[in-house]
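The values are calculated or read from the model by the stated rules, or taken from the named source; none is laboratory data. In this text, all values refer to a predicted model and were calculated from it rather than measured experimentally. FYI the Cβ positions are ideal-geometry reconstructions off the backbone, even for glycines, and counts take in every protein chain you see. Remember, those area values only see protein heavy atoms, side chains included, never the ligands or the DNA or RNA. Shrake-Rupley method; radii C 1.70, N 1.55, O 1.52, S 1.80 Å.
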Amino acid sequence: MFNYAFENLEVWQESRKLAKAIYQITASFPKSEAFGLVNQVRRAAVSVCSNIAEGSARTSSKDQAYFYQISYSSLMEVLCQLIISSDLSYLSESDYQENRRSIDKIARQISKLRSSALARIEKKN
């Protein structure tokens, strides 16, 4: 089977693992949160890896940087929602810390991708 370029990116692989982890940990959240926090954090987590994939498929560096920025923003949304989940005791401290470490790593990787795309724009000018 053919692998698309985004599938080879470590940051996409890590963000995919994060999305899976988010789905797993939110499965135990209260049913009253099904259409609130659970839906919101799951959508944001999927958005992280989806925008990395979309950005990698763009031919212009400007478009790539834009989608990587959206991905980073969605990642910060996931973090915010995990903090709130922890505040509400929906999330164990160990789950919070483990996912926080993943988010920190992914944030650095996305920042590097975006910086690389922006550097290519500067080179052209």
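For PHE29, the stated conditions do not hold, so it cannot be described as of a type outside the set (D, E, K, R) and under 22 Å from GLU122 (Cβ atoms). Filtering the stretch 29-53 to residues that are touching a residue at least 40 places away in the same chain (Cβ under 8 Å) and either touching a strand residue (DSSP E or B) at 6+ places or on another chain (Cβ under 7 Å) or over 16 Å from ALA107 (Cα atoms) (or both) leaves PHE29, PRO30, GLU33, LEU37, GLN40, VAL41.
Among the residues of the stretch 52-64, not a single one is buried (at least 21 other Cβ atoms within 10 Å of the Cβ) and touching a Leu at 6+ places or on another chain (Cβ under 6 Å).
Confirm whether GLN69 is closer than 25 Å to SER28 by Cα, open to solvent by 60 Å² or more (accessible area, probe 1.4 Å) and either outside any helix (DSSP H, G or I) or without any contact (Cβ under 8 Å) to a residue 60 or more places away in the chain (or both). So GLN69 fails the test.
Within the stretch 18-32, the set of residues being closer than 20 Å to TYR96 by Cβ and open to solvent by 40 Å² or more (accessible area, probe 1.4 Å) comprises LYS20, TYR23, GLN24, ALA27, SER28, PRO30. Filtering the stretch 72-125 to residues that are open to solvent by less than 60 Å² (accessible area, probe 1.4 Å), outside any helix (DSSP H, G or I) and without any contact (Cβ under 8 Å) to a residue 12 or more places away in the chain leaves only SER92. Tallying residues that are closer than 23 Å to ILE110 by Cα and charged (D, E, K, R) within the stretch 70-95 yields 2. Taking the stated definitions as given, is ASN39 surrounded by 19 or more Cβ atoms within 10 Å (Cβ to Cβ) and polar (S, T, N, Q)? For ASN39, the condition - surrounded by 19 or more Cβ atoms within 10 Å (Cβ to Cβ) and polar (S, T, N, Q) - is not met.
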